[in-house]
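A short worksheet on the structure shown next.
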Amino acid sequence: MLRVSTQIHKWLALIVGLQVLGWVLGGLVMTAIPIERVRSEHHIARFQADALPAQGLINHAEAAKNLGLQPVEATLKSTLRGPLWVLKDAGGTSHVLDAVTGRHVQPLPRSEARLLAGAQYQGTGQPAVPVWLATPPQEAGKPGPLWRVDFDDAERTSFYLSPETGEVVSRRSNVWRVYDVFWRIHILDFKTGDNFNNPIVIAAAALTLPVVISGLILLWIRIGRDLSAARSRFRTRRAGKAG
């Protein structure tokens, strides 16, 4: 039993040891950093959006009919650009309309994107010149196009804005990026960081299980030997005193 357990523990530990280290480090990072800080929630400006007016807004059905749209979902929003209808068609495409005129809203110009990003930010950082992203990076977590506005704070916070509504659709920072690296190591999905049921992490967990079991067996054997040795020393001392 001892020989078999030792061999299993030694060779499998060589295979999965680095991943176990990655799991422990990842767990430490993910528990030590508050998730609110990862999400940059402390950089969200606290303000109340203007209440939607009781009158003067066009009905979404009328606006959709005028533009030849057939929405399956309609959402009325109060935004920094005013009241807007967001209509989603059967294909999943969203159409953003001015809730007063019923027309498609024009994408934010660069100057307005910077202004709206600053209005939705709380902190000491100053917004840099917005960058237009037809195809945003994976970290944005949203399809394009988007405006990206970086702030020169200590965490290098980045806001990704919808060019239609002006809303911040995702917030990223160096804290988030470090967290994301350890998350990918933790679930062994380095491509998207989304699949925590992938075959690699399942195989790694399956190989780690016998390492833990064999380690417990070795520990049990070692404790038994230590107790036996301690009892032998105790008997020897008693015999010596008795003599």
(message) For the condition touching a Leu at 6+ places or on another chain (Cβ under 6 Å) and on the phi < 0 side of the Ramachandran plot, what is the one hit in 95, 42, 60?
(response) 95
(message) Just the residues that are farther than 28 Å from residue 153 by Cβ and either out of contact with any Asp or Glu (no Cβ under 7 Å at 6 or more places or on another chain) or hydroxyl-bearing (Ser, Thr, Tyr) (or both), please, taken from the stretch 103-122.
(response) 103, 104, 106
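Each row is one residue, and each column tells you yes or no for (1) assigned to a helix (DSSP H, G or I); (2) modelled with pLDDT of 75 or more; (3) under 15 Å from the mean Cα position of the chain (by Cα).
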{"position": "3", "(1), (2), (3)": "yes, no, no"}
{"position": "9", "(1), (2), (3)": "yes, no, no"}
{"position": "13", "(1), (2), (3)": "yes, no, no"}
{"position": "17", "(1), (2), (3)": "yes, no, no"}
{"position": "21", "(1), (2), (3)": "yes, yes, no"}
{"position": "25", "(1), (2), (3)": "yes, yes, no"}
{"position": "29", "(1), (2), (3)": "yes, yes, yes"}
(message) I need a count of the residues in the stretch 31-67 that are part of a helix (DSSP H, G or I) and either open to solvent by 90 Å² or more (accessible area, probe 1.4 Å) or polar (S, T, N, Q) (or both).
(response) 6
(request) Scan the stretch 154-169 for residues that are over 17 Å from residue 123 (Cβ atoms) and part of a strand (DSSP E or B) and report the count. (result) 1
(request) Only residues that are surrounded by fewer than 22 Cβ atoms within 10 Å (Cβ to Cβ), farther than 20 Å from residue 84 by Cβ and not basic (Lys, Arg): list them for the stretch 152-172, please. (result) 152, 153, 154, 155
(message) With the requirement that a residue be open to solvent by 60 Å² or more (accessible area, probe 1.4 Å), assigned to a loop (DSSP other than H, G, I, E, B) and not hydroxyl-bearing (Ser, Thr, Tyr), what does the stretch 69-121 give you?
(response) 70, 80, 81, 90, 91, 100, 103, 106, 107, 109
(request) Would you confirm whether any residue within the stretch 44-52 is at pLDDT 85 or above and within 30 Å of residue 182 (Cα to Cα)? (result) yes
(request) Scan the stretch 80-93 for residues that are over 24 Å from residue 47 (Cβ atoms) and at pLDDT 90 or above and jot them down. (result) 87, 88
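The values are calculated or read from the model by the stated rules, or taken from the named source; none is laboratory data. In this text, all values refer to a predicted model and were calculated from it rather than measured experimentally. Quick reminder, even Gly has a Cβ in these numbers, built from the backbone with ideal geometry, and neighbours come from all protein chains shown. Please note that ligands, DNA and RNA were not included when accessible areas were found on the heavy atoms of the full protein model with its side chains. Shrake-Rupley method; radii C 1.70, N 1.55, O 1.52, S 1.80 Å.
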